[in-house]
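Right, one structure below, let's go through it.
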Amino acid sequence: MAEWTVVRMKVLFVFGIILVYISCHSEAYVGLAIVLEDPEHPGQCLSAAFPETRETYHDIGSTWITNSCESHSCGRKDERTLIISITGCTPSPDIPGCIQVPMNSSKPYPHCCASTVCPQV
């Protein structure tokens with residue numbers, strides 16, 4: 001089980017660096033987290049690998065939304081490896097005269113993303 005935790009932490013560190021870079025250079029992001037399958041939960045992805053979610057397992061083929069307005073999907077890469085596909089939104093721009101609408105995690109992705117609404121002229 002210790003090997004599982006070390007591998008997960010290394011993957012998350014690299015993935016986090018990639019997400020920070022991408023989010024600084026785009027309006028949205030997509031990513032993949034490649035993780036070893038937990039032998040105690042075969043065929044399931046662990047959402048607790050992402051700190052803003054509580055620890056839950058999701059079956060291969062399922063999709064879930066995190067508290068940070070990201071869409072995660074669980075898939076299989078090979079016999080021992082799973083893939084979590086991640087799609088998320090970056091902060092909306094601050095435009096003078098416009099209203100910032102905050103993220104609403106009760107809505108499905110991408111409708112949960114923060115946005116900027118400008119009055120029509």
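The values are calculated or read from the model by the stated rules, or taken from the named source; none is laboratory data. All figures in this text were calculated on a predicted structure; none of them were measured in a lab. Neighbour counts run over all protein chains shown; Cβ positions are idealised from the backbone, glycine included.
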Mind checking which residues of region 68-103 are more than 14 Å from ASP38 (Cα to Cα) and without any contact (Cβ under 8 Å) to a residue 12 or more places away in the chain? PRO96
Every listed condition ((1) modelled with pLDDT of 90 or more; (2) of a type outside the set (A, V, I, L, M); (3) exposed (fewer than 13 other Cβ atoms within 10 Å of the Cβ)) holds for PRO119 save (1)
